[in-house]
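One structure is given here, and the rest of the page talks about it.
The values are calculated or read from the model by the stated rules, or taken from the named source; none is laboratory data. Because the structure is a prediction, the values reported are computed rather than measured. Quick reminder, even Gly has a Cβ in these numbers, built from the backbone with ideal geometry, and neighbours come from all protein chains shown. Just the protein is used for accessible areas: all its heavy atoms, side chains included, with ligands, DNA and RNA removed. Shrake-Rupley method; radii C 1.70, N 1.55, O 1.52, S 1.80 Å.
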Amino acid sequence: MALRLLSREKVPEAASGLNASHSVQEVAMPSSLLWAVDVHGGVHSLSTAGQYWELCKDGRLQFKRLAAVKQCCWGIACDHQIYVYVHSNEVPIRYQEETYENQRWNPVDGFSDRLLPSDRWQWSNVAGLIHQPLDEFKLVSQHWQWESDWYVDENIGGEPTEKGGWTYALDFPATYTKDKRWNSCVRRRRWIRYRRYKSRDMWAKIPSLESGQLPDPFNDIAVGGWEITDEPLGHLSVWAVTVQGKVFYRENVNDHNPEGSSWTEIQTPGEVVQITCGPSDLLCAVLWEGQLMVREGVNRENPKGNSWKIVEPPNSENGLVQASVGINVLWAITRDRRVWFRRGVCSENPVGTGWICMNIEMVMVDVGLNDQVWGIGYEDRNIYFRHGVTPTEYSGKAWKVIVVSREHDRASRTGSATSLASAGCFFGDEVRLPSQTSICSEVDFSSEMDKLAKKTESVLETIGESESCPQASGGGDVVSSRALEKKCADVETVFETIPLMEASSEKWMRSVPEPCVAQSQCLLDQGGLLRDGAELVIARSDSNTMTSDLAETSSVSSVGTYPFGIEEHYVSDERPLWAWLSGGGCDIEAHTQLNWFTAQSGQLFSLQSFSMPISCAQQTVWRKQIVHQLTERSKRELEDFKHYEQAVEQSVWIKKGAMQWWRDGKPHKWIDVRVALEQFTGNDGKRDGIFFIYYTFNDEKKYLHVFSNEVTILVPIANETKHSFAIYTPERTKQRCPIRLATTTEQEMYDWLAVLSLACCDSRELHGPPSNQALWSVTCKGDIFVNEPTPNLEAAQHPTPSDQLYWRQIGGHLRLVECNSQGIVWGIGYDHTAWAYTGGYGGGFFQGLASSTDNIYTQSDVTCVYIYENQRWNPVTGYSSRGLPTDRYMWSNASGLQECTKAHTKPPSQWTWVSDWYIDFNAPGGTDREGWQYAADFPASYHGYKTIKDFVRRRRWARKCKIVTTGPWFEVAPIALRDISLIPCVSQKADDASALWAISNKGDVLCRQGVTKQNALGVSWLHIGTDQPFVSISIGGYYQVWAIARDGAAFYRGSVSPQNSTGDCWYHIPPPPKQKLIQVSVGQTSVYTVDENGKLPRSVCEHFVI
């Protein structure tokens, strides 16, 4: 088999310094950021998982305005110049520069650079119209660096070319092939060079030196438009306003070019003072006169729009000064600082219908992701969050003030707390003084702890004997309550001995002066709602009140206390005053838990007392002694009851209900039935169960029954009219006729699924989390199932049939899942989010004993529902919705057999809509500029261009929906993944690393470092250099790594081993002839692939056997 080695010098590798530079820890909870600017120009960010404002790492500049999205933040500094802050992660930002070298054959020199006058340039672009010699390629700005030198691409259409990378054709332009023929008169080859964006996690100045006159100093900026188009990937619409009221648009801003290329001026009917841009096609600007301009004609083909439409302010006397738009909302502020909400705003009607006053004064408002709203108060300069914003109530319900402090404020408080703790343990207004004994010797304290622990054990055992044996062995008298009280008093004496040992001497007490009592501000009703028009109530709490509260809540202790004045720098009256904010990158939803609205323990003292040992070593010794003594006591008590017989030898548990059953035989219909689940426990302690279905047919009572140990899987069925589920057994699986049952409500269906699943697990003695050898799978709906393999699964003589495997459900929702023999499991959702298994079980609709109490987290997933708009051509009207009587529905599903309209299509069960219907331009086969696909008739093969033989057409409409569930999964952020692969068999040691490779959503190859059984999330990603985007990857036995590129080419990664986890280079493997591969899977001795038609021919398997 021919192999083509891609040399190390030509393809940048992860082992080189550039590609291996990122290894950031990623074990924290995934989060997004809210950005803000204080009145001094400092830029701060607040994480949705954090509790403090963090100062921007690159704090050398002062800013006036910010406009943030998830991947970056744009801002205008005090020098009126625009800067961009791009977040750093393990995947580098790379841009591919390419040029083509063209040659023509002549009888004298053969192929040479002597071209005809009518030919293209010797060095040109792919079309041959632009002259592009190698030495004219320059870095676009100082924020880029070359990643490698120029090299030849030796690949064409997924197949390797001859050495040198030349492709041949009859003339320019024509279809090029890798084979040289007798009539090949011209040839060309592609040269590639990558440049890398290096200015990440810092403010990078946008270059303004361009052809023509420099724009004026900038005064406002807005970023959005990422939902307008996905070509190029990560497209952003960046708009800016100058001090003279001119509007500019930044061209070519995307993931591969975060700073864009140039500024284009957009004509406006007046001077603009502020501009705002939403995620999709909403764009508004505020004029100097106070009017609002709405941009029309913004779409996929023209993201800049084509015209403006004026919207009058709510009050002619007080015009608008600031506005902010989202997907379906528009908020604004007038000159009198009133906040206004615009009704009826959407993509179809960007102008809206009317204004609603919110009756609160603010400096500015900002609309972020999911149409969530933030604002800055006019009088207090606090940041407010609009509570209750949902897809059904865009205006929200009330304002909540964000009360978190800044990072450097926390640092000063931490320093004060440390100084106080070094003198003792502080709680409230009192400081407990450390004993001289504890200071002198930790060893003496440990010995004292041993004595006290033994005394405690003796007292506790006496009390336990008294409670367990109420009749005295001698006289038979009941132990008096007075005796028990005495024992309890002894226990109290033991525990009071600890603080007594820590009492300080009078001499040390007299040496400490009595400080004064300071007052501090306390925010009442922390985390409460600030209704529209209401005032934020702030009250002062003096230390006398706090001291009295302490006296009531503190436990009795002999330790001497004295009032301690709270230092000014610890609870400071100084708080940040905010000037601007941006929530365009802050992802908050209804289920998001935030810690922004309550004061943290670092801000206000805890009103508790503390009488445990002060030193950490003392506390550790004390806890260990108590736990050890209690454990020994429990063992002794259990030993005394081993000889007792089982209290209950056999028990029966029954659950009954009413359902509907889909009758297997004629007539096929839903009939009402009664069901009952009977579980019983045998003498051997094993549990089993029978599920009965009672029904009446032809006035005759009948029933069906299924043993719980015969059930192989329980699956919910996606049905818009019924809440139904199916029960499979080996026999019914062969017959393709499962038992289908439907309940009245969705909750009842999930209750029965949980009960039946628990009964099936009891009969098989399956409890707790899956084992390391478990088989994991996902259904086409995204449900997750596991199977515990038996020793006979792969037996040589009598292997277990696949239809007899029992699959139990695990909470969560995934598109694909990968596991290995170490018990490490990773999955990818439909929204390309990566998830790592936490070791729990249950979640979702499993509650109580069917689910673990820990390692269960909230999980969300987003997918699309598709419907098709169909049309037929006729000579009179052209393409229209008037079809033939034999045609499919004009609005249908993909098959055309079911009618699906926008108004009547509902999301799947447990899913909710998160977007409106939009045209999908990524339909398989391609589309034209309006999203249409053409064919000769229904159904047929569709293509994205119109021919004379095409009489029908269709276009796909999509709408996003979201599910929020729970499961033993932890999100691995922030890189979106397309494919993952875990090495199947490794050492069984818990600390041994497992190889994990992945393909990002952009096609980058990644290798996860530090993945072990103890740390399934791993540590960081390493980027592996490639010439083109990849779509599939697999790692098999002996660290064999194979991958499929976007053009269908197959690649093998050489020299991958435990010592060299990233390998050295890629080998290009020729694919089967005339087959474009899309997926690969590697075993120990074979490699299997799937082509674009979903086929796995025999020739493919034989071709890749190694």
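Scanning segment 89-118 for residues that are acidic (Asp, Glu), over 30 Å from Pro258 (Cα atoms) and either open to solvent by less than 30 Å² (accessible area, probe 1.4 Å) or over 54 Å from the mean Cα position of the chain (by Cα) (or both) returns a single hit, Asp109.
Which of the following residues is within 28 Å of Thr779 (Cβ to Cβ) and either open to solvent by 80 Å² or more (accessible area, probe 1.4 Å) or among the basic types (Lys, Arg) (or both): Lys734, Lys686, Lys701, Lys656?
Lys734
With respect to the conditions (1) at pLDDT 90 or above; (2) among the acidic types (Asp, Glu); (3) not in a strand (DSSP E or B), Asp916 falls short on a single one, namely (1). On the basis of being crowded, with 19+ Cβ neighbours inside 10 Å and over 30 Å from the mean Cα position of the chain (by Cα), does Tyr1052 make the cut? Yes, satisfied.
Among all positions in segment 964-979, there is at least one residue which is within 30 Å of Lys906 (Cβ to Cβ), among the small types (Gly, Ala, Ser) and crowded, with 21+ Cβ neighbours inside 10 Å. Scan segment 173-192 for residues that are more than 47 Å from the chain's Cα centre (by Cα) and either modelled with pLDDT of 95 or more or open to solvent by less than 70 Å² (accessible area, probe 1.4 Å) (or both) and the total you get is 5. Taking the listed residues Leu677, Leu766, the one that is in a strand (DSSP E or B) and either within 20 Å of Arg808 (Cβ to Cβ) or not hydroxyl-bearing (Ser, Thr, Tyr) (or both) is Leu677, with no other qualifying.
I'm trying to understand the selection: among the residues of segment 1045-1080, which are within 16 Å of Leu996 (Cα to Cα) and of a type in the set (S, T, N, Q)? Listed by number, the residues that qualify are Ser1055, Ser1057, Gln1059, Asn1060, Ser1061, Thr1062. Residues that are assigned to a loop (DSSP other than H, G, I, E, B) and either at pLDDT 75 or above or of a type in the set (Lys, Arg) (or both) within segment 631-654 comprise just one, Lys642.
Go through segment 1004-1106 and tell me which strands (runs of 3 or more DSSP E), entirely inside it, have 3 or more residues that are free of Cβ contacts under 8 Å to residues at least 60 places away in the same chain and not hydrophobic (A, V, I, L, M, F, W, C).
The strands (runs of 3 or more DSSP E) meeting that bar are 1087-1091.
Among (1) of a type outside the set (Lys, Arg); (2) in contact with a strand residue (DSSP E or B) (Cβ under 8 Å, 6 or more places away or on another chain); (3) under 30 Å from Asp587 (Cα atoms); (4) open to solvent by 80 Å² or more (accessible area, probe 1.4 Å), which single condition is Thr905 missing? For Thr905, the exception is condition (4).
If you go through segment 333-359 and pick out every residue that is buried (at least 19 other Cβ atoms within 10 Å of the Cβ) and within 31 Å of the chain's Cα centre (by Cα), you end up with 3. The criterion of at least 3 residues that are at pLDDT 95 or above and over 27 Å from the mean Cα position of the chain (by Cα) is met, among strands (runs of 3 or more DSSP E) falling completely within segment 802-879, by 857-874. The residue of segment 910-934 that is nearest to the chain's Cα centre (by Cα), among those that are surrounded by fewer than 17 Cβ atoms within 10 Å (Cβ to Cβ) and over 20 Å from Asn328 (Cα atoms), is Gln910.
For segment 810-822, indicate whether the set of residues that are open to solvent by 20 Å² or more (accessible area, probe 1.4 Å), in contact with a Lys or Arg (Cβ under 9 Å, 6 or more places away or on another chain) and in contact (Cβ under 8 Å) with a residue 24 or more places away in the chain is non-empty.
no
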